[in-house]
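The values are calculated or read from the model by the stated rules, or taken from the named source; none is laboratory data. These figures come from a predicted structure and were not determined experimentally. Note that we place each Cβ from the backbone using ideal geometry, even for glycine, and neighbour counts take in every protein chain shown.
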Amino acid sequence: MVSIKDVAEKAGVSPSTVSHVINKTRYVSPVTSSKVERAIDQLGFHPSTLARALKMNRTNNLGMLVSSSTNPFFAEVVRGVEEGCYRNNFSLILCNSGNKIDRQLDNLTTLVQKRIDALVVMTNRSEERFNEALQKVKGLPKVVLDSAPQPNACTLQDDSVLGGRLATNHLISCGHRKIGCLMGPEGHPRSIDRHRGYIEAMATADLPVNSLWSASGPLSVSGGYNAMAEILRSGQRPDAVFAFNDLMAIGAYHAIQENGLSIPQDISVVGYDDIEYASYMTPALTTIRQPSFELGLQAARTLIDHLDQKVELPPVIQLVPELIVRQSVKTR
């Protein structure tokens, strides 16, 4: 195995000079740096990341906790974090809890033990036990996504209240008056915000809110299917529904069509997130685009700027959602 001493001998310099070139810890003349880099290339030397981490008290590793990497929205956020790490010579250690709180707590412990430099957290549930454990991890820069603001962390999110208003106002502008919701789990922060936007838009338009037009469930295809089926069983069919994510909208499509109804002729549907599948649905889904890749990229950039440039972590960063109009809404 090639050592730093072998590189120094090949380049005709001291081992400390090789170390300074690799770690950029001291100025080394361009001529000497070129000799060292040429020797590294010729010998195929690979610096020990562990030794470097111990010496510099940095691993250049970001950790990321997600509750479900199978959610297409989450997957796109992860891709953004990975890209942000790659652009800045960081590595990403990703842990998927599978929506299990005990596994989530174990993953948090594992990442801390691996001496990550910073942490990104993205969950689709707000668990008090996990929040308490996260707050006990001191001195570790954190960005939380899809969450209520957390103490000693930067919360990065889209403006879901605005997104809820955009979705509902679009349905209202198309002539719909009986508008319902397919809501996420009780207590989910983004669902609360989207519902608030819906309520505000309905109140501004002086339209009634009928509890039978709305139902809750997991932010999943099956959650959307069951919520939509519950609404249809009530006998109080709305003209349109606002699904709080695109997976719920996919489930709603199936329930509506299974009941012999068509989209958008009988019921119009608006989703949220603009996952890749949305534009390939039949009819193509009108939705609120949440900048998923940009959320991940911004999370990585925010943490790395904090580590490298000492930029202070803001309490909250909000990105702006956008209405994407397709064919799932009928103008009445």
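Is the stretch 232-243 home to any residue that is touching a Cys at 6+ places or on another chain (Cβ under 9 Å), within 19 Å of R289 (Cβ to Cβ) and in a loop (DSSP other than H, G, I, E, B)? No, the stretch 232-243 contains no residue that is touching a Cys at 6+ places or on another chain (Cβ under 9 Å), within 19 Å of R289 (Cβ to Cβ) and in a loop (DSSP other than H, G, I, E, B).
The set of residues in the stretch 208-231 that are surrounded by fewer than 16 Cβ atoms within 10 Å (Cβ to Cβ) and not in a helix (DSSP H, G or I) comprises P208, V209, N210. Note on the stretch 262-313: among residues that are exposed (fewer than 14 other Cβ atoms within 10 Å of the Cβ) and without any contact (Cβ under 8 Å) to a residue 60 or more places away in the chain, the one that is nearest to I179 (Cα to Cα) is S262.
Among residues of the stretch 17-39 being modelled with pLDDT of 85 or more, touching a helix residue (DSSP H, G or I) at 6+ places or on another chain (Cβ under 9 Å) and β-branched (V, I, T), the one that is surrounded by the fewest Cβ atoms within 10 Å (Cβ to Cβ) is T32.
Sub-8 Å Cβ pairs linking a first residue in the stretch 89-111 that is assigned by TED's automatic domain parsing to the domain that holds S67 and free of Cβ contacts under 8 Å to residues at least 24 places away in the same chain to a second residue that is surrounded by 21 or more Cβ atoms within 10 Å (Cβ to Cβ) and of a type in the set (S, T, N, Q), at least 6 apart or interchain, are R103/S97, ordered by first then second residue.
Return a yes/no flag: does the stretch 132-144 have any residue that is at pLDDT 90 or above, in contact with a Cys (Cβ under 6 Å, 6 or more places away or on another chain), crowded, with 22+ Cβ neighbours inside 10 Å and more than 30 Å from R332 (Cβ to Cβ). Checking the stretch 132-144: at least one residue is at pLDDT 90 or above, in contact with a Cys (Cβ under 6 Å, 6 or more places away or on another chain), crowded, with 22+ Cβ neighbours inside 10 Å and more than 30 Å from R332 (Cβ to Cβ).
Just for the stretch 69-104: of the residues that are surrounded by fewer than 16 Cβ atoms within 10 Å (Cβ to Cβ) and within 20 Å of L303 (Cβ to Cβ), which one is farthest from the chain's Cα centre (by Cα)? Once the filter is applied, the top-ranked residue is N89. If you go through the stretch 125-173 and pick out every residue that is within 16 Å of G187 (Cβ to Cβ), among the acidic types (D, E) and touching a Pro at 6+ places or on another chain (Cβ under 9 Å), you end up with 1.
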